Amino acid sequence: MSTNFGIVGTGSIATVHAEAISQIDHAKLVACCARTPESGRRFSRVNNCDYESDLGSLLTRDDCDVIVITTPSGTHADIGILAAKHGKHVFCEKPLDISVGRIDQLIAACAANNVLLGTIFQSRFGRGARALKRAIEQGRFGKLAQCSAYIPWYRDEEYYESIPWHGTHSLDGGALLNQGIHAVDLLLWLVGEVQAVSGRVQTRIHDIETEDNATAWLQFVNGSLGVIQCSTACYPGESKRVDIRGERGSVTLVDDVPVSWEFESSTPEDAEIDDLRMSATPSQGASDPKAISIDGHVAQYRDFIAAISEGRQPAISGQEGRRSVEVIRAIYESSKSSSIVQIPLKPHS
């Protein structure tokens, strides 16, 4: 039995989703919808699916099981809520939305209509990330001490000028919510909940509303400390890095490659790390948002389809997708108020 998908939004990231769907048996892209008719019709021709001129027509199709949302970030919750009310499962590009309050409304709508909600964080599905997760769960680090993420990326002026919603408060949210959120999510998945943050954001080199440069420190519930540094102002752009360090081990993950893997005691599983280093393909996403692998998307689509079939939550549910947005909004609040911000945030955030 096939799981049928409809995509809302036909920009560059929608192409990644369409390709991922095409690589999965018993999955089919049946239709798309776009604000710009030319873009929607072109996308439908390239991907051999129907074009629907308005969202309502897509949502009322009987042959569409899942709505995939690839529109500007600030529109995600509104579209997802409508999809849920039409009985469609919702699979959303990161972030779920730019507001924690709107994300909560989306989560509630999906629960009320008994449909699944998932959000794309493909970095969790990498072999390096999963090996690091297992090492943490096995207690190989002992007490964690320093847990940090660095995203020194670069986006040129054309990136912001060619797509008007990029760099806006209402639809984008800035470098942290657009680019850095993958590393923030990965850090939270690996280490756990954050209880307090202090941060500063600034618009350093681009003519945009939102930040292109940010730094924050974190205090995790488990007692460890960490740093997030995120930018789209660092020419020429370097790969994202996650550092996990504790009393008995330290690991540095660059994109999904464990460039450093040092523990007080070795295990047979460590042999996998050398294989990962040898087989790794460098990512180009640090300077070119279109140069990303689809492997993680394919893996996450497989999980979402299985979740529908098995009647369970997907690996990255709405609640999981909410966590990184809450931490980032706390960093924004800290920068604005020049204070330490506690998590969870107040309901209005």
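Read-outs throughout are calculated quantities, based only on the coordinates presented, and are distinct from any laboratory measurement. In this text the structure is predicted, and so the values were computed from the model without any measurement. Cβ placement follows ideal geometry from the backbone for every residue including glycine, while neighbour counts extend to all protein chains displayed.
Of note:
- Cα-based shape type of the chain, given that a ≥ b ≥ c are square roots of the gyration tensor eigenvalues and the cut on a/c is 1.5: prolate
- Prolate/oblate/rounded call for the range 84-202, Cα gyration tensor, a/c under 1.5 rounded: oblate
- Shape annotation for the range 83-151: C-alpha extents along the principal axes are 47, 22, 21 Å, from largest to smallest.
- ³J(HN,Hα) computed for each position of the range 293-310 - Karplus, 6.51 cos²θ - 1.76 cosθ + 1.60, integer Hz, glycine/proline x: 6, 9, 4, x, 4, 4, 4, 6, 4, 4, 5, 5, 4, 5, 4, 4, 5, 8
- Amide proton proximity set for ILE7, modelled H, under 5 Å, gap of 5+: ALA31, CYS32, CYS33, VAL68
- Karplus-derived HN-Hα couplings along the range 182-190 (A = 6.51, B = -1.76, C = 1.60, θ = phi - 60°), whole Hz, x at Gly and Pro: 4, 6, 5, 4, 4, 4, 5, 5, 6
- Folded to 0 to 90 degrees: helix 100-112 orientation relative to the chain principal axis, Cα: 60
- Counting neighbouring beta carbons within 10 Å and listing from fewest to most, the residues ARG41, ARG241, ARG124 come out as ARG41, ARG241, ARG124.
- Fraction of antiparallel bridges per DSSP, the range 1-155 only, in percent to nearest 5: 0
- For the chain, share of DSSP beta bridges that run antiparallel, in % to the nearest 5: 60
- Counting only lysines at least 8 places from LYS143 when in the same chain, those with an alpha carbon closer than 23 Å to its own are LYS133.
- If the convex hull is drawn through the Cα atoms of the range 155-247, its volume per residue in Å³: 103
- A simple packing score, the average count of other Cβ atoms within 10 Å per residue, orders the peptides 220-230, 304-314 as 220-230, 304-314, with the highest score first.
- Where only DSSP H runs of four or more residues are counted, the chain gives -10500 deg cm²/dmol as its mean residue ellipticity at 222 nm, each run worth -39500 (n - 2.57).
- Alpha-carbon gyration tensor eigenvalues x 5, square-rooted, for the range 127-285, Å: 31, 19, 11
- Neighbour-count order for TRP189, TRP153, fewest beta carbons within 10 angstrom listed first: TRP189, TRP153
- Computed over the range 133-198, the convex hull of the alpha-carbon atoms projects to a mean area of 6.1 nm².
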